[in-house]
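The values are calculated or read from the model by the stated rules, or taken from the named source; none is laboratory data. Bear in mind that the values here come from a model prediction, so they are computed numbers and not experimental data. Cβ atoms come from the backbone with ideal geometry, glycine included; neighbour counts cover every protein chain shown.
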Amino acid sequence: MKLRTATLAALIVSFAALALAQAPSSPPVRIRGTISAVSDNSVSIATREGPTVTLALGEKFTVSAVKAAAISDIKPGVFIGTAAEPGAGGALVALEVLIFPENLRGTGEGHYDWDLKPGSSMTNANVSGVVESGGGRDLELTYKDGTAKVHVPPGAPIVMLVPAERADVKAGLPVFAVATRGSDGTLTALRMNVGKYGVAPPM
């Protein structure tokens, strides 16, 4: 009986360890705001919600900048990311469009929930079709698991992602940052998009 009990206990511990190992890691934390301070190993951001948060900077975190683009730059064959919200009849209406450089094609590919606005989504996909529509553009998007149709209205922010360096992370610049939260609550930056060209990251 003791042997059977010990065996059962060992199995329970093994299954618990397996469950922990397979549990999903903490979701990324998205931070939007203005850089308020920079040090060698951290960045403080005054968030759009009000509080200031501090992010640790790991050795592998990446920096890009956003630069203004035109609606005419959204062409068949380019890879984009677009935050959108439901419009009339369930159609998606773009809140912004980010054009990726070719070397970043495939980044975050897919369609998923987003937090730019309540109920918003993000679609990172290839533009497979473009139709002029009411001063904007109707996009046919194709990603690895499906397709989506998105209307880009006149006035929607359109930007392109361009290379930047750690030295471009400066106080006073608008920023969009993605970070992970450690078990102790510490936020560590994975990547940042900075508005070094006078354009705030709209995503």
Report task. Would you check if ASN103 is of a type outside the set (Asp, Glu), within 19 Å of the chain's Cα centre (by Cα) and surrounded by 15 or more Cβ atoms within 10 Å (Cβ to Cβ)? Result -> no
Requested in this report: Could you list, in sequence order, all residues of the range 59-74 that are among the β-branched types (Val, Ile, Thr), farther than 15 Å from ALA189 by Cα and assigned to a strand (DSSP E or B)?
Outcome: VAL66
Query - Some residue of the range 42-63 being of a type in the set (Gly, Ala, Ser), under 18 Å from the mean Cα position of the chain (by Cα), at pLDDT 95 or above and surrounded by 13 or more Cβ atoms within 10 Å (Cβ to Cβ) - result: no
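Per-residue answers, yes or no, for (1) among the basic types (Lys, Arg); (2) assigned by TED's automatic domain parsing to the domain that holds ASP113; (3) not in a loop (DSSP other than H, G, I, E, B):
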site	(1), (2), (3)
THR123	no, yes, yes
SER128	no, yes, yes
GLU132	no, yes, yes
ARG137	yes, yes, yes
ALA148	no, yes, yes
HIS151	no, yes, yes
LYS170	yes, no, no
PHE176	no, no, yes
ASP184	no, no, no
Query raised in the report: For GLY106, are the conditions met, namely being closer than 18 Å to VAL159 by Cα and either assigned to a loop (DSSP other than H, G, I, E, B) or among the acidic types (Asp, Glu) (or both)?
Result: yes
